[in-house]
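Take a look at the structure below.
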Amino acid sequence: MGLGISIISCWEIAKLVEARKLVLSIPVDERLKVALVNLTVPIVVESTQVRGFHNDPADQIIVATAKVYDCLLLTADRKILNYSEIKTLK
């Protein structure tokens, strides 16, 4: 697949910009032009079956996406890094 970003991560970035917790040098819709990994039924189902993880729905979808695609997840999120069911890169 190459490098991709979960669509839910784009939503999280847009929400941070909206709340003024993140400032981008260009408009958010221009910044988020990458290969998107769309939300699919297998990802949605997997997100409801993530065990031993916290209850943030966006993080559950991100973790489920990594599980469904069996891919390495790049993150700085401690909760995700500590979840042993996926491969992560800090």
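Modelled this way, with points 7 Å down the Cα-to-C-beta line, the labels at ARG51 and ASP70 are 2.0 nm from one another. With all pairs of separate Cα atoms included, the chain yields a Kirkwood hydrodynamic radius of 13.8 Å. Close amide H contacts of SER6 (hydrogens built in the peptide plane, cut-off under 5 Å, sequence separation of 5 or more or a different chain): VAL37. Relative contact order of the chain, taken over Cα pairs closer than 8 Å and 6 or more residues apart, is 24 percent. Among THR65, THR48, THR40, THR75, the ranking by other beta carbons within 10 Å of each residue's beta carbon, starting with the fewest, stands as THR48, THR40, THR75, THR65. Helix 7-18 and the long axis of the chain differ in direction by around 40°, with both axes built from C-alpha atoms. Put in line by how crowded their Cβ is, counting other Cβ atoms within 10 Å and starting with the fewest, VAL45, VAL50 read VAL45, VAL50. Paramagnetic label reach from ARG78 (point 7 Å along Cα→Cβ; backbone nitrogen cut-off under 15 Å): within the range 41-64, residues 54.
Since every read-out is calculated from the coordinates, none of them should be taken as a lab result. Computed from a predicted structure; not experimentally measured. All Cβ positions, even for glycine, are placed from backbone atoms using ideal geometry, and neighbour counts span all protein chains on display.
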